[in-house]
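Working notes, beginning with the structure itself.
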Amino acid sequence: MSKAALKKRPPQTLEEQLPELRPGQSVELLKELHILTREGKLNQDTRRKLKQVYHLVQFIEPLLAEVLKERGDVTLADHGAGKSYLGFILYDLFFKDKPVGHVYGVESRAELVEKSQALATRLGFERMAFLATTVQQALSHLELPPRIDVVTALHACDTATDDAIRFGLAKQARFMVLVPCCQAEVAGVMRSNKALNLARTPLAELWRHPLHTREFGSQITNVLRCLQLEAHGYGVTVTELVGWEHSMKNELILARKAGPDHTAQQARARARLQQVLEELGLQALSERFLGGLQA
């Protein structure tokens with residue numbers, strides 16, 4: 001196309017730049033989150049982040065609607081909230097026009113919590129609250145209700161995902177939506193016991209080399225988490241969040257609390273979890289993954 005033709009072409013509308021934009025969505029929020037520039041143009045640097053958040057929103061909205069229909073209210077806690085992209089966009093798209101519902105952002109960095117709370121106040125998002133606390137401390141935080149319906153953790157690093165699971169179990173969450181990131185603890189245990197396990201089982205070849213230790217450790221961490229959730233009575237689905245071109249930290253774990261008739265499945269999951277820990281020489285992690293489960 002010639003330069004003259006390019007000059008004549010009208011600039012793209014916001015809807016053309018951002019086809020995910022919904023009617024009534026707050027353009028001011030997108031500017032505050034730096035997804036749009038002050039001139040209302042799409043910020044290409046944050047486009048990848050936005051794509052991940054929108055994909056996650058598509059999974060979470062039906063869960064929120066299901067809980068709202070069941071009990072007439074719904075609460076969501078987002079762990080490791082950071083700048084609260086997910087919480088703000090969920091509030092704008094789902095909670096804003098409803099008379100009920102509450103979003104809690106849990107983030108240990110006080111400066112981010114202050115900025116998020118100020119933004120929520122400025123936008124009139126009255127049923128959003130932000131807590132400067134760790135996930136562990138959130139378990140007993142007085143500003144959180146005894147029950148949380150939906151727990152999310154987007155790119156919660158290493159054991160922060162496990163802390164979010166523990167929080168969800170304690171709060172009797174109906175759903176958990178997890179995107180794990182940078183798992184290192186299990187790989188560290190595998191590394192420390194490598195010589196013993198190489199002598200004990202040929203399966204240790206799966207993590208004999210350092211690169212394989214890291215990659216297999218990350219994989220088995222999420223397998224253990226899924227078994228842990230199933231042992232606590234959740235049905236678990238594992239899927240891809242977005243295409244690999246957008247993020248290498250791409251695994252999405254969706255957990256749904258099952259009914260009381262799933263005790264046999266729970267017992268099987270617990271047994272399998274224990275077997276996997278023993279087979280891979282990870283008994284040191286039994287308390288983390290088996291804690292709170294009846295024998």
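The values are calculated or read from the model by the stated rules, or taken from the named source; none is laboratory data. Since the structure is predicted, the reported quantities are computational estimates derived from the model, not experimental observations. Here the Cβ positions follow ideal geometry from the backbone for every residue, glycine too, while neighbour counts run over all protein chains shown. Accessible surface is based on the protein model in full, side chains and every heavy atom, while ligands, DNA and RNA are left aside. Shrake-Rupley method; radii C 1.70, N 1.55, O 1.52, S 1.80 Å.
A few points about this structure:
- Radius of gyration and maximum dimension Dmax of region 121-266, Cα, Å: 17.8, 62
- Whole-angstrom Cα spans of region 70-123 along principal axes, big to small: 35, 22, 13
- Bridge orientation summary for the chain: considering DSSP beta bridges with both residues in this region, about 35 percent are antiparallel.
- Full extension of the chain between Asp97 and Ala184 yields a length gain of 27.2 nm, computed as 0.36 nm times the residue separation minus the alpha carbon distance.
- Radius of gyration and maximum dimension Dmax of region 188-295, Cα, Å: 15.4, 43
- Principal axis extents of the C-alpha atoms in region 73-181 (largest first, rounded to whole Å): 34, 30, 26.
- Shown here for region 111-207: GluC sites (Glu not before Pro) in loop regions (DSSP other than H, G, I, E, B) with at most 13 other Cβ atoms within 10 Å, namely Glu126, Glu143.
- Across Lys41/Lys98; Lys194/Lys257; Lys41/Lys69; Lys41/Lys115; Lys83/Lys194; Lys31/Lys257, pairs whose alpha-carbon gap is larger than 32 Å: Lys194/Lys257; Lys41/Lys69; Lys83/Lys194; Lys31/Lys257
- Gain in span if fully extended, His212 to Glu20, counting 0.36 nm per residue against the direct Cα distance: 65.3 nm
- The residues neighbouring Ala153, those whose beta-carbon lies less than 9 Å from its own, together hold a net charge of -2 under the Lys/Arg +1, Asp/Glu -1 convention.
- If you sort Ser218, Ser84 by accessible surface, 1.4 Å probe, largest first, the order is Ser218, Ser84.
- Rounded accessible area of Glu278 (nearest 10 Å², 1.4 Å probe): 90
- All other residues whose Cβ lies under 10 angstrom from that of Arg122 are scored, Lys and Arg at +1 and Asp and Glu at -1, for a net of -2.
- Taking a point 7 Å out from the Cα of Arg71 in the direction of its Cβ, the residues of region 169-193 whose backbone N falls within less than 11 Å of it are 171-175.
- Once the convex hull of all Cα atoms in region 190-242 is built, its volume per residue stands at 102 Å³.
- Each Lys or Arg adds one and each Asp or Glu subtracts one; over the other residues with Cβ under 15 Å from the Cβ of Phe167, this totals +1.
- The relative contact order of the chain, computed from alpha carbon pairs under 8 Å that lie at least 6 residues apart in sequence, is 13 percent.
- The residues of the chain present an accessible area of 51 Å² per residue when probed at 1.4 Å with all protein chains retained.
- Virtual spin-label span in nm between Arg109 and Glu143, 7 Å along Cα→Cβ: 1.8
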